[in-house]
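All remarks here apply to the structure that follows.
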Amino acid sequence: MKNCVLGISCFGHDTSASIVDEKDGQVIFASAQERYSNIKFDDNIPLFTINECIKTAQKFDYNIKYAAIASDHKLFLGNYFFKELKKVLNKDDITNEFINFLKTKAINFGYYNKFLKKNFEIDNYISNNFSHFNHHDLNRIKDLVSWYFNWSVKHLKIKKIIQSFIKDIKIYEIEHHLCHAASAYYNSGYNSSNIVVFDGQGEDATVSLYSTKENNFSLIGRTYWPHSIGILYLKGTEVLGYSLGDEYKVMGMSAYGKNSLDYIFNKSYNIDDQGKLKFISNKFIKFQDIENTAHSCINFTEEVKKILPKQINKNFKQVHFDFAKTLQSTVEKIGYDLSDFIYQKTKIKNLCLSGGVALNGLMNNKILNSNNYDDVFVYPASGDDGTSVGAAQYMINKNIKIKSKKIKTCFLGFSEGNAKIKDNFFFKNNYLEKINCPDIAKYIANKIHENNVVGVFNNKSEFGPRALGARSIIANPTIKNIVEILNTKIKLREPFRPFAPICLKEYVSEYFNIKTESNFMLFICDTKDQMKNLIPGVVHNDGTARVQSVDEENKVFYKILTEFHKISGVPILINTSFNIGGEAIVNSIDDAINSYFQMDIDFILINDELYKKNLKKLENFKKPNIKKFIDKRQSNFKNINKFGQFNI
C-alpha cells in the first residue's frame, strides 16, 4: 500500500484539507471546505473535507501515514508576545519563565478571562509573582494573556478535535508562514528561489522573507504583528463597506480611480535593513488596541471617514474609487519594495509569492515587471486554503527529500460522474434537454460566437479561489455590452467588476504585455492598445486584464478556444466562476445544474455531455430569490454533513 500525508488548514478563514503522495510530494486531492458548505471563506473546522480526503485515500489504496496542520499553537506565545510582555516585566528570565508556565501548565486549563475568573492558575501565578506591579501593569499583563494565550488555547483545541476525528493518525504542527512558503516553492519548479509570504497574520508574523536552495529554507527577514499589509488592505476594504474576502472587489474598483488621496499614505511605512515592514501612524492611520485586550491593530482614523461620504447600497462616488486606487497603489509599492529587498540580499532571479496578499494580481504583475526577477510563481491557492498542501509537502520533505515540480493546472478537488445528473430536480422534471452532436467543442464555440453563454462543469474542481476550466462560465469577449449582461443578468453583482480572458498560450503575447506564463489568473497585465477594441469584454477600465494562458493540459478549455479561434479569428474567451454573487463556486453536478437554472445561461456542459433548458417547460417556473437559493445549497450541505459544524 502507498503512503500519503494528510494536510489540514484551520487557521481562520478558508479552511481546507488535502492528501499528498509521500513518495514524490504530488497532490492527490485538495479542497477548501467552502466548496462543499457554500459558506464563502468558511472558517469551520474542515471535518467534512478531511473525511473526503480519507475516502479518497482509501479509493486509491493509500495509507495516511501522518497529518500536518498549518499552524503551531505554541507560536502564538512567540516573539511578539515575548516583546510586549517584556515591556512590562522588564527582564528576559522572568518573561520566559511566565511564558513557559503558560505553554506547559496553564494551557491545560483552557481559556483565560480576567472578568469571569476562568483559568485560576494564571491569576494565581500573577498574584504570586507580580504583586509588586502597579494596577496598570497588572492589567496590561492580563490583557496580553487574554488575546495571545487564548489564541494558543484555541488552536490547541482545534488540534485535539481533529486528533479525535482522525484517531490514531499523528498530527504535526507546522508554522503557518512556512506552510505558505512550501506550497509555493514545491510547486514552482524552481531549484533556488526567493519567497515572499504576506497575509493578515500567521501566528505572530505578517510578512516572511525566505530564500530557498535545494529544498532548504532560510529566513531572511520577518515582520511581526501589528504591522500587516494584509490587515491594512482589509481595513481599507471595510472603509468602503465591504468585509473580509472582498479585497478583490476593491482591486476592481481601483481601475476607476486616481491616486488623488496619496497624502493619506504619505510616509506611512518603511522597510528597515533587516527587511522588517513598519507602518507609521499619522493623521489618517493609527494603531488601536481591541477593547480589553492588548492586541493592537492598524486602522484608518475618523479623518478618512470624513473624506469618504457614506455610501448606501454600494452607490459609490468618485472619491471612493480614488481611495481604492490609492490603497491599491500603496500595497503594490510595499509588495515591490519587499521583493526588491530580498533580491538585493540574495540576487536570486526566481521569486515565489504566497499568502492572501499574493492574490493581488496588480501587485504581482508590478513585481514581475521589475528588472530583478526572470520569473515569478504564485501558488493558485495562495490564501489560507493552500497551506494544507504546504503543511503536507513541508513535512514530507523533512523526511524524504522531494523535488520542486512546476504545476500548470490545479484540478485537485471534487468530481463525480454523469450518473448524478438523473438525481437533479430539473432533470427529473424534464427541464433539461440533452444535445447530441458529433463535436461538442465545435458546437459550443459556434454557440458562443452567436453570443450564447455556457456553463462548464468538468471533472475535478479547482483548488484555490479562481475558476480555471472546471467550474466556469464562458462567453464571447468581442461583444461590447457583454460585461453589463454578465454582471447584471447572470452573475448578479456590482457593475464595476471585470471579467477575465482565457487565451491560447501561443497567442498571449500578441494581445497582452506579460512576462510569464499565467496559468492561474494571478497576474493582471496591460492589454496591447491595438487589441483593446477587439476584446472589450475582458479589458478593464484601466486597460488591464487578468489573463489565463491555456494549453493542451487544460483539455476542455483548449478544445473550445481552438474552435472559437477558427470561427472568429480571436483566440480568447471570457471566463468567470460558475456561481452567483454571494454563492461559493459550484462543486457538485447538482450545484451546477441548480445555479444554471438560477442564471440566464444558455447551455451547460457537464463533463462530456451538453444540455440546454427546455424553455417551454420553464414558462411556469418561478426562480427563488437569491438568499433563499443560497440558503438552500447551505441547507443541502447540512443534510449530508454528519460531522457537524465546529467553529471555536
### Query
In straight Cα distance, which lysines are under 23 Å from LYS616, not counting same-chain residues fewer than 8 positions off?
LYS422, LYS428, LYS434, LYS447, LYS489
### Summary
Sorting TRP151, TRP225 on solvent-accessible surface, 1.4 Å probe, most exposed first, gives TRP151, TRP225
### Query
Cα convex hull of the stretch 345-487: how many Å³ per residue?
213
#### Entry: Cα-centred dipole magnitude for the chain, charges only on beta-carbon of K, R (+1) and D, E (-1), debye, nearest 20
980
### Query
Efficiency by 1/(1 + (r/R0)^6): what FRET value for ILE400 and ASN108, r their Cβ-Cβ distance, R0 = 30 Å, to the nearest 0.05?
0.30
### Task
Mind grabbing the accessible area of LEU6 for me, 1.4 Å probe, Å², rounded to tens?
0
## Note on the structure
Here the FRET efficiency for ILE567 versus VAL319, based on Cβ atoms and R0 = 30 Å and rounded to 0.05, is 0.10
### Task
Sort LYS333, LYS306 from largest to smallest accessible area, using a 1.4 Å probe on the heavy atoms of the protein chains.
LYS306, LYS333
### Task
Please report, in cubic angstrom per residue, the volume enclosed by the convex hull of the alpha-carbon atoms of the stretch 273-329.
131
### Message
Here are a few candidate values for mean projected area of the Cα convex hull in nm²: (i) 29.6; (ii) 40.6; (iii) 37.5. Which one was actually calculated from the structure I just gave you?
### Response
(i)
### Message
So if each residue of separation counts as 0.36 nm, and I subtract the Cα-Cα distance between THR488 and SER131, what length gain in nm does that give?
### Response
122.1 nm
### Task
Take the alpha carbon atoms of the stretch 186-238, find their center, do the same for the stretch 388-429, and report the distance between the two centers in whole angstrom.
25
### Query
Toward the positive end of the charge dipole of the stretch 1-107, about the Cα centre and with charges on Cβ (Lys, Arg +1; Asp, Glu -1), which of ASN96, GLY12, GLN26 goes farthest?
ASN96
#### Entry: Extension gain from LYS170 to ASN451, taking 0.36 nm per residue of separation minus the Cα-Cα distance
95.8 nm
### Message
Can you tell me what share of the DSSP beta bridges in the chain is antiparallel? A percent to the nearest 5 is fine.
### Response
70
### Task
Indicate the gyration tensor shape class of the stretch 561-637 (rounded, prolate or oblate), computed on the Cα atoms with a ≥ b ≥ c the square roots of the eigenvalues: a/c under 1.5 is rounded; otherwise a/b larger than b/c is prolate and the rest oblate.
prolate
### Task
Based on the mean of other Cβ atoms within 10 Å per residue, sort peptides 193-206, 568-581, 251-264 so the most packed one is first.
193-206, 568-581, 251-264
### Task
Just grab the label-to-label distance for LYS154 and LYS408, each label 7 Å out from Cα along the Cβ direction, in nm (one decimal).
4.2
### Message
How much accessible area per residue does the chain have, counting only protein heavy atoms and a probe of 1.4 Å, in square angstrom?
### Response
41
### Task
Taking the dipole about the Cα centre of the chain, with the C-beta of Lys and Arg at +1 and of Asp and Glu at -1, give me whichever of ASN215, ASN636, MET395 is farthest to the positive side.
ASN636
### Message
Sort GLU462, GLU563, GLU214 by heavy-atom solvent-accessible area, probe 1.4 angstrom, most to least.
### Response
GLU214, GLU563, GLU462
### Task
Run the accessible area of the chain with a 1.4 Å probe and give the carbon-and-sulfur part as a rounded percent.
48
### Query
When the dipole is taken about the Cα centre of the stretch 202-348, and only Lys, Arg (+1) and Asp, Glu (-1) are charged at their Cβ, what size is it in debye, to the nearest 20?
460
### Message
If R₀ is 22 angstrom, what is the calculated FRET efficiency for the pair SER260 and GLU238, using the beta carbon separation as r and rounding to 0.05?
### Response
0.60
#### Entry: Relative contact order (%) - the stretch 179-225, alpha-carbon pairs under 8 angstrom, separation at least six
31
### Task
Determine the dipole magnitude for the stretch 483-627: charges of +1 sit on the beta-carbon of Lys and Arg, -1 on that of Asp and Glu, nothing else is charged, the reference point is the Cα centre, and the result goes in debye to the nearest 20.
580
### Query
Classify the stretch 1-105: rounded, prolate or oblate, from the alpha-carbon gyration tensor (a ≥ b ≥ c, eigenvalue square roots; a/c under 1.5 rounded; otherwise prolate if a/b is larger than b/c)?
prolate
### Message
Take the residue pairs LYS59/LYS160; LYS157/LYS491; LYS142/LYS306 and return only those whose Cα atoms are more than 31 Å apart.
### Response
LYS157/LYS491; LYS142/LYS306
### Query
Roughly what would the spin-label model give for ASP337 and ASN430, points 7 Å off Cα along C-beta, in nm?
6.8
### Summary
Over all directions, the stretch 81-153 yields a Cα convex hull whose mean projected area in nm² is 4.3
### Message
Please list, in order along the stretch 216-226, the HN-Hα scalar couplings obtained from phi with the Karplus expression 6.51 cos²θ - 1.76 cosθ + 1.60 (θ = phi - 60°), rounded to whole Hz, x for Gly and Pro.
### Response
9, 9, 10, 7, 9, x, 8, 10, 10, 3, x
### Query
Using 0.36 nm per residue, how much length does the chain from LYS267 to GLU506 gain when fully extended, once their Cα-Cα distance is taken away?
81.7 nm
### Message
Here is the link list: LYS420/LYS613; LYS460/LYS638; LYS118/LYS278. Which ones come out longer than 27 Å on Cα distance?
### Response
LYS118/LYS278
### Message
If you consider only alpha-carbon coordinates, what radius of gyration and Dmax does the stretch 346-421 have, in Å?
### Response
16.0, 54
### Task
Can you give me the P(r) profile for the stretch 229-317? Cα pairs, bins 5 angstrom wide beginning at 0, each as a whole percent.
3, 11, 19, 26, 21, 12, 6, 2, 1
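The values are calculated or read from the model by the stated rules, or taken from the named source; none is laboratory data. Note that this is a predicted model, so its numbers are computed, not measured. For neighbour counting, all protein chains shown are included, and Cβ atoms are generated from backbone atoms with ideal geometry for every residue, glycine included. Remember, those area values only see protein heavy atoms, side chains included, never the ligands or the DNA or RNA. Shrake-Rupley method; radii C 1.70, N 1.55, O 1.52, S 1.80 Å.
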